[in-house]
1. Of all residues being out of contact with any Leu (no Cβ under 8 Å at 6 or more places or on another chain) and touching a residue at least 24 places away in the same chain (Cβ under 8 Å) in segment 26-46, which is surrounded by the most Cβ atoms within 10 Å (Cβ to Cβ)? Just the residue, please.
2. How many residues, within segment 77-111, are crowded, with 16+ Cβ neighbours inside 10 Å and at positive phi?
3. Filter segment 134-168 down to residues that are closer than 17 Å to Leu104 by Cβ and of a type in the set (Lys, Arg), then give me how many there are.
4. One residue is enough: does segment 94-109 have a residue meeting the conditions closer than 30 Å to Gly31 by Cβ, of a type in the set (D, E, K, R) and within 15 Å of the chain's Cα centre (by Cα)?
5. Considering Ala74, Ala63, which residue is under 21 Å from Ser9 (Cα atoms) and either in contact with an Asp or Glu (Cβ under 8 Å, 6 or more places away or on another chain) or without any contact (Cβ under 8 Å) to a residue 60 or more places away in the chain (or both)?
6. Can you run down the residue pairs with Cβ atoms below 8 Å, 6 or more apart or on separate chains, where the first is in segment 12-25 and under 12 Å from Ser47 (Cβ atoms) and the partner is of a type in the set (Lys, Arg) and part of a helix (DSSP H, G or I)?
7. Taking the stated definitions as given, is Asp115 within 17 Å of the chain's Cα centre (by Cα), in contact (Cβ under 8 Å) with a residue 24 or more places away in the chain and in the same structural domain as Ala76 (by TED's automatic domain parsing)?
8. Condition first: within 20 Å of Pro112 (Cβ to Cβ) and either of a type in the set (Val, Ile, Thr) or at pLDDT below 90 (or both). Now tell me which residues in segment 148-173 satisfy that.
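The values are calculated or read from the model by the stated rules, or taken from the named source; none is laboratory data. Computed from a predicted structure; not experimentally measured. Virtual Cβ from ideal backbone geometry, glycine too; neighbours counted across all protein chains shown.
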Amino acid sequence: MTSPPDDASTLVGDEERDSGARRLRDAYAEGRLTREDMDARLDRALSATTRGELDAALASLPAENPGAEATIGAAAGRIRRSGAWRVPRTLRVESAYGRVRLDLSRAVIEHPVVDIVLHVGTGRASITVPHDAVVDLDGVRNGMKDSVYKPPRRPTSGGPTIRISGVMGFGRLTVRHARR
């Protein structure tokens, strides 16, 4: 006999723990948690083995918006987004062969933190971020070529944080800031 998925004794995996950790970091970025509270909750969330333990670490956080995640992909060919397109909270980009070009300079960004998760096999990825964005590339694993990113000479504040993670196989990731 199996337990219902919302049972507090249901075991959780790495994906659920990582999602919980992301929600805690987002709550901290939005000013909902203090640094000390986030650190304590992160420890509990990352060591949780059951749904009840994970839920306790995430208690009092607002519910996650189910429409805040989208996936775009292509087996071969180009993936291109530009202009005034709505950027989800988490954008997964999957491309086996081809070029990925994301232009967020004129996009509608409603979240203070946007996660872009890349899974690119062969081909280049180019991401243009708003001029006032903060870019975090710590989660990118490169196969053959290093990522290219030059932070602006005069950083400005007030823009979104763009966290880029995932795997770049045999291509290069280039990130640049848009001109004003």
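1. Asp26
2. So the answer is 1.
3. Qualifying residue count, segment 134-168: 2.
4. Here is the first cut: in segment 94-109, the residues closer than 30 Å to Gly31 by Cβ are 102-109.
Retained after the next criterion (residues that are of a type in the set (D, E, K, R)): 103, 106.
Filter once more, keeping what is within 15 Å of the chain's Cα centre (by Cα): none.
Checked segment 94-109: no residue is closer than 30 Å to Gly31 by Cβ, of a type in the set (D, E, K, R) and within 15 Å of the chain's Cα centre (by Cα).
5. Values: Ala74 fails: under 21 Å from Ser9 (Cα atoms).
The unique qualifying residue is Ala63.
6. Sorted first by the residue in segment 12-25, then by its partner, the pairs are Val12/Arg51.
7. Details: within 17 Å of the chain's Cα centre (by Cα): yes; in contact (Cβ under 8 Å) with a residue 24 or more places away in the chain: yes; in the same structural domain as Ala76 (by TED's automatic domain parsing): yes.
For Asp115, the condition - within 17 Å of the chain's Cα centre (by Cα), in contact (Cβ under 8 Å) with a residue 24 or more places away in the chain and in the same structural domain as Ala76 (by TED's automatic domain parsing) - is met.
8. Of all residues in segment 148-173, those within 20 Å of Pro112 (Cβ to Cβ) come to 151-152, 155-165.
Those that are within 20 Å of Pro112 (Cβ to Cβ) and either of a type in the set (Val, Ile, Thr) or at pLDDT below 90 (or both): Pro151, Pro152, Pro155, Thr156, Ser157, Gly158, Gly159, Thr161, Ile162, Ile164.
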